[in-house]
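Data block below; observations after.
The values are calculated or read from the model by the stated rules, or taken from the named source; none is laboratory data. None of the values given here were measured: they were computed from a predicted structure. Heads up, the Cβs are rebuilt from the backbone with ideal geometry, glycines too, and the neighbour counts pull from every protein chain shown. Please note that ligands, DNA and RNA were not included when accessible areas were found on the heavy atoms of the full protein model with its side chains. Shrake-Rupley method; radii C 1.70, N 1.55, O 1.52, S 1.80 Å.
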Amino acid sequence: MSIQTAYTSFSNFPQRSKLLEEKALGAICFIDNSSDSNAIEKIEMPAIQLHTSILDGLYGACEIWLSNASLGTEKALTNGYLGDISYRLNDDFLFGVITLPESVSSEIDGDISPLQFTTESAYRQIFALMDEMNYPYIYRFWNYMEDINGVSHGLERYRQFNVGRKAAFTACSNAVHIQLPAACALGVTDGPLSIAFLLGRQSPIAIENPRQISAYEYPEEYGPQTPSFSRATLLHSEQATLLFISGTASIVGHQTLHPTDVVAQTKETLINLEAVIAEANRTIGEIKFDLMDVFLRVYVRHAADLSLIKNEMQRHLGSAMNAVFIQADICRQELLLEIEATAKCITESSSS
Ligand code: 3EB
């Protein structure tokens, strides 16, 4: 499988620009006031830039998807645009980004919110690209928006997003082989609706967490339309095995547990991650993945909770744990953190 992830900071971009230009399919970059965002724009690859605070693990603030064709078969990557999407591809994978300011067409009747409208149009564009480019499988979505817990049009904005996303999935499921992919959905300080995605040509396996009700089956108390994602997607072939783990939080069944206890939420979230990984290993029939080997991205609602979360994680994973901690709002008001990851990945440290 010709892909791998790397984690790096902005400060490494200039030294690595040649590697990135040749091999990077795209990037998901968290930036704060001290980051030099020009460094990303100089490199020709699709990237989303997310405005937030990086609380710890700065060396991992940029997730880069590298094309990793086996020696001798190396081909130049192809860049392209379709509508508002920017993408880059190799034979097996297409990484794309779409960033849309929230707006609603004046031709639309009724009281549809700009976020719902914009989400549906972004997803419709992505599904049209899958069809057009013949990358029929979707492995992962990364979704970022501002003020995710804000309320307008009588509905929380995350729930508006779910309505728009679901509408696009429903409308397009004939055109492409859509299985619900792994995903995350977070609130950042400001900026347009920003979505990154990874498509491919090999059919993935959707993984659910036996401790949790599938998100697409959540009861109505969490909004008029359910969230369209699976707990993880597994790509399994002879060459490589990849597990995309969705944003994972302190939810058991469909309920948020330990609403005011950040340490207990951290513990519960780790148990959920273990459960998803165990389910993937069970599906393969072999122990392939281990939480200990994975680079984790931790979204922290309150910056002041950082050390409690980090200490609790180190208690379980050891002090050599690899993680970046990003300030972000989680999609349920009572959730204080969410953790996501891709396994197996290669981690770069700032010293390498
Ligand atoms: C949850 O389990 C927590 O809407 O795409 C996690 C991962 C969550 C993805 C999404 C939401 C999403 O429901 C929230």
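I'd like to know if region 293-303 contains one or more residues that are in contact (Cβ under 8 Å) with a residue 12 or more places away in the chain and farther than 28 Å from Leu198 by Cα. Yes: region 293-303 contains one or more residues that are in contact (Cβ under 8 Å) with a residue 12 or more places away in the chain and farther than 28 Å from Leu198 by Cα.
State whether the residues of region 144-159 include one that is open to solvent by less than 30 Å² (accessible area, probe 1.4 Å), among the hydroxyl-bearing types (Ser, Thr, Tyr) and under 26 Å from Phe93 (Cβ atoms). Yes, region 144-159 contains a residue that is open to solvent by less than 30 Å² (accessible area, probe 1.4 Å), among the hydroxyl-bearing types (Ser, Thr, Tyr) and under 26 Å from Phe93 (Cβ atoms). Does Leu155 fit the bill of being touching a strand residue (DSSP E or B) at 6+ places or on another chain (Cβ under 8 Å) and either within 12 Å of the ligand (Cβ to nearest atom) or among the aliphatic types (A, V, I, L, M) (or both)? No: the conditions fail for Leu155. Considering region 133-143, and only residues there that are touching a Ser or Thr at 6+ places or on another chain (Cβ under 9 Å) and over 20 Å from Arg297 (Cα atoms), the residue that is surrounded by the fewest Cβ atoms within 10 Å (Cβ to Cβ) turns out to be Pro136. Scan region 167-185 and give yes if some residue there is more than 14 Å from the ligand (Cβ to nearest atom), assigned to a helix (DSSP H, G or I), open to solvent by 10 Å² or more (accessible area, probe 1.4 Å) and out of contact with any helix residue (DSSP H, G or I) (no Cβ under 9 Å at 6 or more places or on another chain), otherwise no. Yes, that holds for at least one residue.
Is it fair to say Ser246 is touching a helix residue (DSSP H, G or I) at 6+ places or on another chain (Cβ under 6 Å) and either open to solvent by 10 Å² or more (accessible area, probe 1.4 Å) or among the small types (Gly, Ala, Ser) (or both)? Criteria not met by Ser246. When the strands (runs of 3 or more DSSP E) confined to region 1-71 are screened for residues that are farther than 20 Å from Ala185 by Cα, those reaching at least 1 such residues are found at 3-8, 24-31, 54-56, 62-67. Counting only residues that are within 10 Å of the ligand (Cβ to nearest atom) and either free of Cβ contacts under 8 Å to residues at least 24 places away in the same chain or assigned to a helix (DSSP H, G or I) (or both), region 218-268 holds 1 of them.
So, of the residues in region 313-345 that are in a strand (DSSP E or B) and among the polar types (S, T, N, Q), which turns out to be nearest to the ligand (Cβ to nearest atom)? Break it down stepwise before answering.
Kept after step one, since they are in a strand (DSSP E or B), are these residues of region 313-345: 323-327, 329, 337-343.
If we keep only those that are among the polar types (S, T, N, Q) too, we end up with 327, 342.
Values: Gln327: 17, Thr342: 14 Å.
Once the filter is applied, the top-ranked residue is Thr342.
Residue by residue through region 285-304, note down the ones that are in a helix (DSSP H, G or I) and open to solvent by less than 30 Å² (accessible area, probe 1.4 Å). Within region 285-304, Leu291 is the sole residue that qualifies. Within region 96-151, being more than 25 Å from Leu77 (Cα to Cα), part of a helix (DSSP H, G or I) and touching a strand residue (DSSP E or B) at 6+ places or on another chain (Cβ under 6 Å) holds for one residue alone: Thr118.
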